[in-house]
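Below is one structure, written out as structure tokens, with a few remarks after it.
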Amino acid sequence: MKDPLPSAAEGASAPALSAWDRLQDSDIVYSFRRAPTAIASALILALFVLVAVFAPWLAPQNPFDPAALDLVDARLPPSWLPDGQLRFPLGTDGQGRDLLSVLMHGLRISLLVSFCATLFALAVGVTLGLVSGYLGGRIDNLIMRLADMQLSFPTILVALLIDGLSRSLLPRSVHEQLAVIVVIFAIGISTWVQYARTVRGATLVEKSKDYVHAARLIGMGPLRILFKHVLPNVLGPVLVIATLSLGLAILTEATLSFLGLGVPPTSPSLGTLIRIGNEVLFSGEWWVTVMPGVLLVVLVLAINLLGDWLRDVFNPKLK
């Protein structure tokens, strides 16, 4: 009779799977491969990010260089319309700027502001949620009452208030230099609540588990327990919220810029381009506002569809 021990030893000595192999075998990758909508959304978002990152090299024209502009080329329609030119596929604006190049740079600014604002809100919300759920007591009550107060105001209203205060407190020249940072702070500080409430609820569940009690028994400090043990176990819902909040941040920035309170006209985002195009919309130059509007819709739609897929993946009730 053949001895089964060698086979067991061979199985025990089998090489461990690498991190890439474990990722390939994970439920998330399995679900992603079978979700055409998620794949298409991820590809569109990746394309937009690449275009935004490499806009200075991909754009046919530098729209911020006055030497590259010619007023003779102003208000040209897209190339497929009469009087359009092939060198301006999407037409030009009132300053003679190539609209395709302007959209590339505008996408760059919109994504930069929204990504930074989302990361800022995530950092603030997750930190406060961990502290609130783990410590409890008066600190928990204070943080949650602040969250309840902020929830009583619309996000755009909080962002408008912060932007307005910065304009009144800072000199005009200083505010123009810090406009992008102010917008990032305004959007981020108005959207931290959902992270904090979600992480607090998950922390209340995690802190009563055995691994947290064991960490306390060996003398591990609260901060180390929170960020080394509790945080990795609450990141699933946070990732879903961050993805959905990214689309909201893009829309909030576009709204602020459309109202003239966002980034300065010298660094136009998609919202600023829509506002500029809206001023000449009824004169027949519809492409100046329609093109950035369509780009904004496709971008936010791709992010939201990807967020919906992530929400379904991390929803235990659907498994």
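The values are calculated or read from the model by the stated rules, or taken from the named source; none is laboratory data. The structure presented is a predicted model; accordingly, all values stated were derived computationally and were not measured. All Cβ positions, even for glycine, are placed from backbone atoms using ideal geometry, and neighbour counts span all protein chains on display. Just the protein is used for accessible areas: all its heavy atoms, side chains included, with ligands, DNA and RNA removed. Shrake-Rupley method; radii C 1.70, N 1.55, O 1.52, S 1.80 Å.
Name the residues in the stretch 214-233 that are farther than 20 Å from V199 by Cα and either in contact with a Pro (Cβ under 7 Å, 6 or more places away or on another chain) or open to solvent by 90 Å² or more (accessible area, probe 1.4 Å) (or both), would you? Scanning the stretch 214-233 gives R216, L217, I218.
Residue-wise test of (1) open to solvent by less than 90 Å² (accessible area, probe 1.4 Å); (2) at positive phi; (3) at pLDDT 80 or above; (4) not aromatic (F, W, Y).
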{"residue": "A14", "(1), (2), (3), (4)": "yes, no, no, yes"}
{"residue": "T37", "(1), (2), (3), (4)": "yes, no, yes, yes"}
{"residue": "L47", "(1), (2), (3), (4)": "no, no, yes, yes"}
{"residue": "D65", "(1), (2), (3), (4)": "yes, no, no, yes"}
{"residue": "L76", "(1), (2), (3), (4)": "yes, no, yes, yes"}
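Just the residues that are assigned to a helix (DSSP H, G or I) and farther than 20 Å from F314 by Cα, please, taken from the stretch 198-218. Residues satisfying the conditions are D210, Y211, V212, H213, A214, A215, R216, L217. Among the residues of the stretch 172-186, is any at pLDDT below 85, within 29 Å of A254 (Cβ to Cβ) and acidic (D, E)? There is at least one residue in the stretch 172-186 that is at pLDDT below 85, within 29 Å of A254 (Cβ to Cβ) and acidic (D, E).
When R75, R34 are checked against the criterion of being in contact with a strand residue (DSSP E or B) (Cβ under 9 Å, 6 or more places away or on another chain) and either without any contact (Cβ under 8 Å) to a residue 24 or more places away in the chain or not small (G, A, S) (or both), a single residue qualifies: R75. Working carefully through the options F282, F258, find the one that is modelled with pLDDT under 80 and open to solvent by 60 Å² or more (accessible area, probe 1.4 Å). On inspection, the qualifying residue turns out to be F282. The helices (runs of 4 or more DSSP H) found wholly in the stretch 108-186 and carrying at least 1 residues that are open to solvent by less than 10 Å² (accessible area, probe 1.4 Å) occupy 137-151, 155-169.
Of the residues A254, A242, the single one that is under 20 Å from G164 (Cβ atoms) and among the aliphatic types (A, V, I, L, M) is A254. Scanning the stretch 285-299 for residues that are surrounded by fewer than 19 Cβ atoms within 10 Å (Cβ to Cβ) and touching a residue at least 60 places away in the same chain (Cβ under 8 Å) yields one hit, V298.
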